[in-house]
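Quick notes on the structure that follows.
The values are calculated or read from the model by the stated rules, or taken from the named source; none is laboratory data. Nothing here was measured: the structure is a model prediction, and the numbers come from that model. Because the Cβ atoms are built from the backbone with ideal geometry, glycine has one as well, and the counts that use them run over all protein chains shown. The protein model used for the area step is the full one, side chains on, heavy atoms only, and it has no ligands, DNA or RNA in it. Shrake-Rupley method; radii C 1.70, N 1.55, O 1.52, S 1.80 Å.
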Amino acid sequence: MPERFTVTTPIYYVNDVPHIGHAYNEVATDVLARWHRMRGDDTWMLTGTDEHGQKIMRTAAANGVSPQEWTDRLVETAWKPQLELLNIQNDDFIRTTSERHKAGVRIFLERLKEAGYIYHGEFEGQYCVGCEEYKTAGDLVPGTGEYEGQLVCAIHSRPIEVVREANYFFKLSEFGDRLLALYDERPDYVQPEHVRNEVRQFVKQGLTDLSISRNTFDWGIKVPWDESHVVYVWFDALLNYITAIGYGVDDEQFERRWPGVHIVGKDIARFHAVIWPAMQMAAGLPISEHVFGHGWLLVGGEKMSKSKATGIEPKQITEVFGVDAFRYYFMSAIAFGADGSFSWEDLDARYHSELANGLGNLASRVIAMVHKYCDGVVPEVAVDAELQTLMADAVGRADSAIDTFAIHDAVDAAMSIVERLNGYITEQAPWVLAKDEAQRLRLHAVLATNVQGIGTAAIMLAPVMPETAQKLWAAVGGEGEVSAQPIREAHQWRGTGRVTTVPPLFPRIEQPAD
């Protein structure tokens, strides 16, 4: 039986067009899903859009359209096209305005109400419309500039609103001890460690009940037993992970796909590692496998943000460097889980040194030499033992890294083969060996070793750079789709025994003159 691997991105708040911060999460989740598919796991990747809430209602009104028209437009013109642009291989796309989601949310709410976890009460709190979240004192900071003298949201740098409402509440306060026990019993449930520590500290301070409805606006899912209320946007949004796989409607599909792994930004880890597991406990569901809160992409020292004019659209990068180089850079240059600073200079430097001069140049040199010295036929000789061991080790290290979400380490393991092969060619100098008939067998071993190494690297890089990996795979005589190869046995691949040609994989990018 194959292992199950269900993995999700957050559903993105569809109030504006996506930037590379969203793309970073999508690509990382896609890499994990592709890797597990190549393991042979029963893999399913979900992404989608969060379309309810006050902020969207206000933005739609400002643009002179209905909230549904506004969300439809953004989903079709921005969010889905980004998935296509970045070659994201998601299995499903959920929208919180879809009927299947609404139906699942209503079923879930009714079950929680029947179980005694929902009640009606009054509430006053400090609310950030940007976050769609009530804030505690620790979430607020002194404002600057036009907001000097006011407390503002630490994320959006805008003043909060004091909201007084009579709403429905979820008894979150009852789950503190159970959540702490979960973190202790399953220390890998919340990752990385610094995010787990923050979440644990938050819960230890005591939880308050969560307001899960609003009656001051109507853009949302109606509360089943009281249609004067709509469901709070976060409570609604978190349920996408189960409504998409048939919760309450298709038990067979739900059983097959749940529980899953959530890949989220660290700023929303608290929702996924506190509120969401408490909701699952209340409903008697198995708890998610993992919540991984990755770091922020920083530009000029600030988190990527449209509101702060630090948002960079992916196509600004892909139009220059290509999609695979985009995917490679963000998966290799930043330790997954830590914050990372983006700069055009770093991207350009890595593109040329690691991809153009490293991988691309290696492939073109080796294939040219196999054509020149062996008429395109890969010699049937044993691969150098040292290099074969290195390849096997790299495959094992990369596969283990994926289990701990260390995508950057998996990429590094693949590229260690490329780096070693480049050094190996310099050491062995096949162009010198070719001049001496007595060194014919040695020449053949060197060329066969390089071809084997390039094919191994192609398989390992397929989840990260799918198009480039396929070109490499075909060029060294790999048959069929590289994505169909068993990734744990990448170093043992066998091909047609003939090389073809490899197109320029990473053309040199000339910098425009100042």
In the set T318, T404, the lone residue that is of a type in the set (V, I, T), out of contact with any helix residue (DSSP H, G or I) (no Cβ under 9 Å at 6 or more places or on another chain) and open to solvent by 10 Å² or more (accessible area, probe 1.4 Å) is T404
Residues in region 35-46 that are open to solvent by 20 Å² or more (accessible area, probe 1.4 Å) and on the phi < 0 side of the Ramachandran plot total 4
Among (1) open to solvent by 10 Å² or more (accessible area, probe 1.4 Å); (2) assigned to a helix (DSSP H, G or I); (3) touching a residue at least 40 places away in the same chain (Cβ under 8 Å), G455 falls short only on (1)
### Query
Taking R178, is it closer than 25 Å to A273 by Cα, free of Cβ contacts under 8 Å to residues at least 24 places away in the same chain and open to solvent by 10 Å² or more (accessible area, probe 1.4 Å)?
no
Scanning region 429-443 for residues that are open to solvent by 10 Å² or more (accessible area, probe 1.4 Å) and under 43 Å from the mean Cα position of the chain (by Cα) gives A429
Every listed condition ((1) in contact with a strand residue (DSSP E or B) (Cβ under 9 Å, 6 or more places away or on another chain); (2) closer than 20 Å to I107 by Cα) holds for V264 save (2)
The condition of being farther than 24 Å from Y328 by Cα and open to solvent by less than 80 Å² (accessible area, probe 1.4 Å) holds, among T500, T426, only for T500
Taking first residues from region 371-391 that are within 12 Å of G477 (Cβ to Cβ) and second residues anywhere that are of a type in the set (K, R), the pairs with Cβ under 8 Å that are 6 or more apart or on different chains are G376/R498; V377/R498; V378/R498
- Message: So, V411, is that one over 29 Å from the mean Cα position of the chain (by Cα), modelled with pLDDT of 95 or more and of a type outside the set (K, R) or not?
- Response: no
Is one or more of the residues making up region 206-219 modelled with pLDDT of 85 or more, part of a strand (DSSP E or B) and of a type outside the set (S, T, N, Q)?
yes
Across region 75-92, the tally of residues that are open to solvent by 40 Å² or more (accessible area, probe 1.4 Å) and closer than 16 Å to A23 by Cα stands at 8
Review point. Just to be sure, is T468 buried (at least 23 other Cβ atoms within 10 Å of the Cβ), in contact (Cβ under 8 Å) with a residue 60 or more places away in the chain and in contact with an Asp or Glu (Cβ under 6 Å, 6 or more places away or on another chain)?
Key: yes
Output for Cβ contacts, cut-off 6 Å, separation at least six or different chains, first residue over 22 Å from H290 (Cα atoms) in region 395-414, second open to solvent by 10 Å² or more (accessible area, probe 1.4 Å) and part of a helix (DSSP H, G or I), reads V395/H491; A413/R397
Within region 240-253, of all residues that are in a loop (DSSP other than H, G, I, E, B) and in contact with a strand residue (DSSP E or B) (Cβ under 9 Å, 6 or more places away or on another chain), the one surrounded by the most Cβ atoms within 10 Å (Cβ to Cβ) is A244
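Listed here are the residues, each with its yes/no results for (1) touching a residue at least 40 places away in the same chain (Cβ under 8 Å); (2) farther than 30 Å from A325 by Cβ; (3) aliphatic (A, V, I, L, M); (4) buried (at least 21 other Cβ atoms within 10 Å of the Cβ).
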| position | (1), (2), (3), (4) |
| --- | --- |
| P2 | yes, yes, no, no |
| T8 | yes, no, no, yes |
| E26 | yes, no, no, yes |
| G48 | yes, no, no, yes |
| I56 | yes, yes, yes, yes |
| A61 | no, yes, yes, no |
Given (1) open to solvent by 10 Å² or more (accessible area, probe 1.4 Å); (2) farther than 25 Å from A356 by Cα; (3) in a helix (DSSP H, G or I); (4) not hydroxyl-bearing (S, T, Y), E380 misses just (3)
Picked from region 287-307 (must be modelled with pLDDT of 90 or more and in a strand (DSSP E or B)), the residue farthest from the chain's Cα centre (by Cα) is H290
The condition of being open to solvent by 10 Å² or more (accessible area, probe 1.4 Å), at pLDDT 95 or above and in a helix (DSSP H, G or I) holds, among R256, R327, only for R256
When (1) part of a helix (DSSP H, G or I); (2) of a type outside the set (K, R); (3) at positive phi are applied to S400, the one that fails is (3)
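Conditions (1) open to solvent by 30 Å² or more (accessible area, probe 1.4 Å); (2) in contact with a strand residue (DSSP E or B) (Cβ under 8 Å, 6 or more places away or on another chain), marked per residue:
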position	(1), (2)
H101	no, yes
F108	no, no
Y117	yes, yes
E124	yes, yes
C131	no, yes
K135	no, yes
D139	no, yes
*In this structure, is V446 outside any helix (DSSP H, G or I), at pLDDT 95 or above, open to solvent by less than 10 Å² (accessible area, probe 1.4 Å) and β-branched (V, I, T)?*
no
Here the qualifying pairs (Cβ atoms under 8 Å; residues six or more apart or on different chains; first in region 482-501 and without any contact (Cβ under 8 Å) to a residue 40 or more places away in the chain; second exposed (fewer than 14 other Cβ atoms within 10 Å of the Cβ)) come out as T496/E479
